[in-house]
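> Right, I'll just put the structure down here and ask away after.
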Ligand code: ADP
Ligand code: MG
């Protein structure tokens, strides 16, 4: 894409460490074909997509257009049949199963349409789960899970079970779980698909805030109202990108988002510097 930084030109930091490349996601000519006995399903037919750090991308398209397949590839839950995927400049094809699991846990936070919370398990413990997998010790784990729940406005619901929460609250727990490990990328597959208008608004406000804190957000939706919050809209038809439209600059705040004032703004700045 013209004007985009060369992903291989990762600049050296003053301390000699390599900074991560600007293009956090680079998908090149990705094809995904599912084979079901005699039948081949061409879910992705040559998708190329470059996403810069800090972008907020809505992926849109009709049912069956390949959105979830693309998200599974971006999230290293599945590999392309053909083509390349560089995550933070590293080709995922060269990674072992263990390395892929590690990348999924450290770099990526997932949010799904159906929340996927563990039933009969309080919100706090649900949010602690990825930290358990990451080997974070108990005290630290609890503090980080509490902070993530505070970030999504659920400080007063930490000990509730999923069944004691509304759909919007359950999805906010799922967002807290996704950000507990402080991932650079948040991937969400139709996160508002099961929510009413009010809850949709609350959840989108949280995604906008995460993006304002410099996290890269890639969100699948078929709702125009949801896509309006993104800085860029990519549309798929039959496994191909047919539209790639920028709604706001990568470097700025997401559309319609205003930075909270006073104490909230300070917390905001602190969170920004942590990422
Ligand atoms: P979307 O999320 O846009 O609705 P998907 O990526 O789920 O679309 O699916 C794209 C196409 O691939 C569809 O035709 C779907 O039926 C097919 N598909 C998705 N997952 C599988 C799978 N695991 N095995 C076989 N076909 C699949
Ligand atoms: Mg889908």
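> Hey, what angle do you get for helix 197-212 against the long axis of the chain, alpha-carbon based, 0 to 90 degrees rounded to 10?
80
> Ordered by packing density, taken as the mean number of other Cβ atoms within 10 Å over each peptide's residues, highest first, how do 231-239, 179-187 rank?
The peptides rank, most packed first, as 179-187, 231-239.
> To the nearest 10 degrees, how steep is helix 97-107 against the longest Cα principal axis of the chain, on a 0 to 90 scale?
50
> May I pose another question? Compute the acute angle (0 to 90°) between the alpha-carbon long axis of helix 263-274 and the principal axis of greatest extent of the alpha-carbon atoms of the chain; round to the nearest 10°.
Its long axis makes an angle of about 50 degrees.
> Moving to a separate point now. Of the listed peptides 120-130, 209-219, what is their order by residue-averaged count of other C-beta atoms within 10 Å, with the highest listed first?
Result, highest mean Cβ count within 10 Å first: 209-219, 120-130.
> Multiply the residue gap between residue 247 and residue 81 by 0.36 nm, knock off their C-alpha separation, and tell me the result in nm, one decimal place.
So the chain would gain 56.6 nm between residue 247 and residue 81.
> So how long is each side of region 130-188 along the principal axes, counting just the alpha-carbon atoms, biggest first, in Å?
Cα extents, longest axis first: 30, 26, 17 Å.
> Here is a further query. Show me the ranking of peptides 38-50, 189-201, 162-174, 133-145 by mean Cβ neighbours inside 10 Å, starting with the highest.
The densest-packed peptide leads the list: 162-174, 189-201, 38-50, 133-145.
> How large is the Kirkwood hydrodynamic radius of the chain, counting all unique pairs of alpha carbons, in Å?
Details: mean 1/r = 0.0518 Å⁻¹.
One decimal place: 19.3 Å for the Kirkwood radius.
> Sticking with this one: Find the all-direction average of the projected area of the Cα convex hull for region 139-228, expressing the result in square nanometres with one decimal place. Walk me through the numbers before you get to the answer.
Values: hull surface 23.2 nm².
Taking a quarter of the hull surface, the average projection is 5.8 nm².
Each value in this text was obtained by applying a stated rule to the coordinates, not by laboratory testing. Keep in mind the model is a prediction, meaning the values are calculated, not measured. Positions of Cβ are generated from backbone atoms using ideal geometry, with glycine treated the same way; all protein chains shown enter the neighbour counts.
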